[in-house]
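Participant: Quick one: this structure, given as C-alpha cells, is what I'll be asking you about.
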Amino acid sequence: MWWSSPTSVHGLQKDETCDARSRFANDTARRGSRIGQSSVGKSHSVKIINGRAETHGGAVLDILNEAIVNSTALYDYKPRSAASMDAWFQAKEAGRFPVLCAVDAAGNLLGFSSYGTFRSWPAYKYSVEHSVYVHKDHRGKGIGRALLSSLIEYARSQQYHLLIGGIDVANAASIALHRTLGFTHAGTIQQAGFKFGRWLDLGFYQLLLDTPSHPEDG
Ligand SMILES: CC(C)(COP(=O)(O)OP(=O)(O)OC[C@H]1O[C@@H](n2cnc3c(N)ncnc32)[C@H](O)[C@@H]1OP(=O)(O)O)[C@@H](O)C(=O)NCCC(=O)NCCS
C-alpha cells in the first residue's frame, strides 16, 4: 500500500474508486465537460482511482517518457528508468501527495495527475506544484479536465491553498485546460529551459483555494 491517507481526501478512501461521470456530474452540467457525454463517457467507464506503484507505475512511466521524447511538456531529455518510478511513488507516499489515475473498465491507465512540493522552505507549506498527463491516444475526451478537477478537490481536502502549474508557453492544450478550470497566468520565466535546440519559456499558472480556514505559522 503506497498511499496512506489520514482522512478521506477528495472523498476517496484507500482502494476506493469514483466514477468520473457521476463525480463530475455537477461540473459537467455547469461547464459542459465531455466526460459523461462523449463517446468515452458513454462507451467506457472511466474512473479516477488512487494510483499504485505496482499497478500503475509502468503505464505512468510510458506516458511520461512519451512526453519527454516528443514534447516540451517536461523539461527533461532522456526517458526515465523503471527504477525511477519507485522513487517517484515513494516520494509521493512520503509527502502524502496523491497520484490520481484515470482508468478504463479494463483497468488500463488513460492518464494521471499528481502534485508535490513547490519549494521546500516551510512557509510554502500551503502551496503545491502539480502535473497532469493524458495518454496520447486519449486526449481531447475530457480526461485531463476530470483528472485536474479531481486533483483540485483533493488539494482542498488536504487544506492546501495554492496549486501551481509550470507550463511551457507553447503547450496550448495544457494552458486551455488550466484556464477552463480557473487557473490564472501568474507570470512567465523567459528562456527557463533549453530543449530541441531552442530556449523554452515557462509560464506559471495558479489557482487559489479557499482552504485552509485557519492558516498558521510553523
Ligand atoms: C494537456 C492535457 C493534459 C489535456 O488533457 P485532455 O484530456 O486532452 O484535455 P480535455 O479533453 O480534458 O480538455 C480540457 C480543456 O482543454 C481544452 N483543450 C484540450 N486540448 C486542447 C488543444 N489541443 N487546444 C486547445 N484547447 C484544448 C479543451 O477544449 C477543454 O476545454 P473545455 O473543457 O472548456 O471544453 C493533454 O493534452 C496532455 O496530456 N498533454 C501532454 C502532457 C502535458 O502537456 N501535460 C501538461 C504539462 S504542464
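Bear in mind these aren't lab numbers, they're just calculated from the coordinates by the rules spelled out. This structure is a prediction, so every number in the text was calculated from the model and none was measured. FYI the Cβ positions are ideal-geometry reconstructions off the backbone, even for glycines, and counts take in every protein chain you see.
Participant: Are any of the pairs Lys92/Lys195; Lys78/Lys136; Lys92/Lys141; Lys47/Lys125 more than 20 Å apart by Cα-Cα distance, and if so, which?
Facilitator: Correct reply: Lys92/Lys195; Lys92/Lys141; Lys47/Lys125.
Participant: Now for a separate question. Would you mind estimating how fast the range 79-187 diffuses translationally, via Stokes-Einstein at 25 °C and 0.890 mPa s with the Kirkwood radius over Cα pairs, in µm²/s?
Facilitator: 165 µm²/s
Participant: According to the square roots a ≥ b ≥ c of the eigenvalues of the Cα gyration tensor, what is the shape class of the range 147-218, taking rounded for a/c under 1.5, prolate for a/b larger than b/c otherwise, and oblate for the remainder?
Facilitator: The shape class here is prolate.
Participant: Which of the peptides 125-138, 102-115 is most tightly packed, and how do the rest follow, judged by the mean count of other Cβ atoms within 10 Å per residue?
Facilitator: Sorting 125-138, 102-115 by mean packing, highest first, produces 102-115, 125-138.
Participant: Name the long-range amide H neighbours of Ser45: under 5 Å, sequence gap of 5 or more, or other chain; modelled H, no Pro or chain starts.
Facilitator: Ala105
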